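Engineer: Attaching a single structure in structure tokens format; questions to follow.
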Amino acid sequence: MQTLGVVIIGGLLWGLTADAFELSTLMWMLGAWVVLFLVLFIIQNLRLHAARKDLLDVGEGPALIVAPGGLSLRRMLRAGDDDSAAPDMDEIGWNDVASIKVGGSSIGSGPGLVVNGHDGRQWEVPLSWLDRPPADIDAAVSTASKGQVRVEQVGAAE
């Protein structure tokens, strides 16, 4: 698609300015397209590498459990020399939750549910690991915590 766009734009420029169109202009356009292609290719490969790494960490079992007493969140521990991921759950009571926000990076597994504790601890569960949208998680959190905690979704795409 990108190549087609460059060919169409180049053809239009050549058609409109055929008298002033020189080979050096074509070479500059081709060079700019190659640089743009390489930059976008490298960025996409870095994103895919980060996503692959995150997906290898998913493991089996729940990533987030909302309960009347608090949250249980997946924590990944690296175990042994084979760099395999062993899942473990951290539990945090509603009184210990400072905030829950939808945030994080769009690189790798994408944005996540970020839970901050009053003691400074922080957990992030990628939304791609969860089978419910943030609005459903907010409803469950609000109900389980009796309105004490809400999921902040400022700027989050659902």
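Engineer: Would you confirm whether or not region 11-20 contains a residue that is of a type in the set (D, E), within 23 Å of the chain's Cα centre (by Cα) and at pLDDT below 75?
Structural biologist: So the first thing to find is which residues in region 11-20 are of a type in the set (D, E), and the list is 19.
The next check asks that each one be within 23 Å of the chain's Cα centre (by Cα); those that pass are none.
The answer is no, given that none of the residues of region 11-20 is of a type in the set (D, E), within 23 Å of the chain's Cα centre (by Cα) and at pLDDT below 75.
Engineer: Just to check your reading of the model, which residue among R75, R150, R132 is modelled with pLDDT of 80 or more, open to solvent by 60 Å² or more (accessible area, probe 1.4 Å) and within 29 Å of R52 (Cα to Cα)? Give the steps one after another, and end with the answer.
Structural biologist: Details: R75 fails: modelled with pLDDT of 80 or more; R150 fails: within 29 Å of R52 (Cα to Cα).
Being modelled with pLDDT of 80 or more, open to solvent by 60 Å² or more (accessible area, probe 1.4 Å) and within 29 Å of R52 (Cα to Cα) holds for just one of R75, R150, R132, which is R132.
Engineer: Still on this structure: Here is a list of conditions, (1) crowded, with 16+ Cβ neighbours inside 10 Å; (2) assigned to a helix (DSSP H, G or I); (3) more than 21 Å from the chain's Cα centre (by Cα); (4) at pLDDT 90 or above, and T143 meets all of them except one; can you say which number that is?
Structural biologist: (1)
The values are calculated or read from the model by the stated rules, or taken from the named source; none is laboratory data. Every value quoted in this text rests on a predicted model; they were computed, and no experiment measured them. Positions of Cβ are backbone-derived with ideal geometry, glycine not excepted, and every protein chain shown enters the neighbour counts. All accessible areas refer to the heavy atoms of the entire protein, side chains included, with ligands and DNA or RNA removed. Shrake-Rupley method; radii C 1.70, N 1.55, O 1.52, S 1.80 Å.
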